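Here's the structure we're looking at; comments come further down.
Read-outs throughout are calculated quantities, based only on the coordinates presented, and are distinct from any laboratory measurement. Here the structure is a predicted model, which is why all the values come from computation and not from measurement. Cβ: placed from backbone, ideal geometry, glycine included. Neighbour counts: every protein chain shown.
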Amino acid sequence: MGKQSLLRVSGLHAALETGEEILRGVDLTIQKGEVHVIMGPNGSGKSTLANTIMGSPVYHVTGGRIQLDGEDITEAAVDARAKKGIFMAFQAPEEIDGITVSDFLKTAKAARQDKPVKFFEFNDQLQNTLDTLQLDAAYAQRYLNVGFSGGEKKKSEILQLLTLNPKLAILDETDSGLDVDAVRVVTDGILRYKNRDNALLIISHSTRLLDELPVDYVHILSHGRFVHTGDRGLIDEISKNGFARFVRAEAR
Ligand SMILES: Nc1ncnc2c1ncn2[C@@H]1O[C@H](COP(=O)(O)OP(=O)(O)O)[C@@H](O)[C@H]1O
Ligand SMILES: [Mg+2]
């Protein structure tokens, strides 16, 4: 038997409810131990690709397939994919009064395993994670997102990553305006998470973040297709020269 890929996306097409096609034939293979970065102009489909891999019902797969560990998950529901080990940070959009960061993490963990979360074990692990990230223990007792800065929201995302320890983590750094503190938490968290048995798919343009990470492949998305794949050298080239060299002039 050949080596089985952790994630294999082949010929993936995805459209909105209206029928408008956003992804137009994406191929992406990720092996255990690898870090892949997706870059591309605004609106090229980066978040759509991440959400479609995660199984968001907003996007309809109209062609191609998605496999995890050799298993076809193209039609699997979001929570089934999460249980199989794909993670995308859930950004709670609203402030949730009465639910602490710790409660939120415990609920997320319970949802991904079929046994209840053991209270003391969970608290020990959380304390450990907070320590390594040099986060104040009081942070976990705050109400989720109530009065949180952008950086503080990012911290709960990284705590989710370390608490759930998925096989494949997808990070969509939508807000490129992360402050220095947030970049440090994200970097430390990712480095702590990363090992030979898992993989990362990161959507980011932040050289401050990417410079610190062991990036293996960089893919450039344009109009719903990868137009170029290279190594980490591409990150600097793009931050200097932009996407013009890679992006087709073709109208959508
Ligand atoms: N839920 C949606 N409703 C309407 N248009 C959408 C939706 N999701 C994505 N799109 C459109 O699809 C294209 C790609 O969006 P997106 O994946 O967010 O791009 P990126 O993350 O690369 O900036 C954009 O033209 C965007 O407007
Ligand atoms: Mg996006």
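One residue stands out in the range 162-188 among those that are under 25 Å from Ser5 (Cβ atoms) and not aliphatic (A, V, I, L, M): the one that is farthest from ligand 1 (Cβ to nearest atom), namely Asn165. Restricting the range 153-194 to residues that are surrounded by fewer than 17 Cβ atoms within 10 Å (Cβ to Cβ) and of a type in the set (Val, Ile, Thr), the residue that is nearest to ligand 2 (Cβ to nearest atom) is Thr174.
Which residue, of Ala80, Ala110, is more than 25 Å from His228 (Cα to Cα), exposed (fewer than 15 other Cβ atoms within 10 Å of the Cβ) and free of Cβ contacts under 8 Å to residues at least 24 places away in the same chain? So the residue among Ala80, Ala110 that is more than 25 Å from His228 (Cα to Cα), exposed (fewer than 15 other Cβ atoms within 10 Å of the Cβ) and free of Cβ contacts under 8 Å to residues at least 24 places away in the same chain is Ala110. Of the residues making up the range 26-38, at least one is in contact with a Pro (Cβ under 8 Å, 6 or more places away or on another chain) and more than 16 Å from ligand 2 (Cβ to nearest atom).
Out of Ile30, Ile73, Ile38, which single residue is in contact (Cβ under 8 Å) with a residue 24 or more places away in the chain, out of contact with any Gly (no Cβ under 6 Å at 6 or more places or on another chain) and under 20 Å from Gln4 (Cβ atoms)?
Just a single option satisfies the conditions, and that option is Ile30.
Under 30 Å from Asp211 (Cα atoms), in a strand (DSSP E or B) and basic (Lys, Arg): does that describe Arg8? Considered against the rule, which asks whether it is under 30 Å from Asp211 (Cα atoms), in a strand (DSSP E or B) and basic (Lys, Arg), Arg8 comes out as yes. Among the conditions (1) in a loop (DSSP other than H, G, I, E, B); (2) within 16 Å of ligand 1 (Cβ to nearest atom), the only one that Phe148 does not satisfy is (2).
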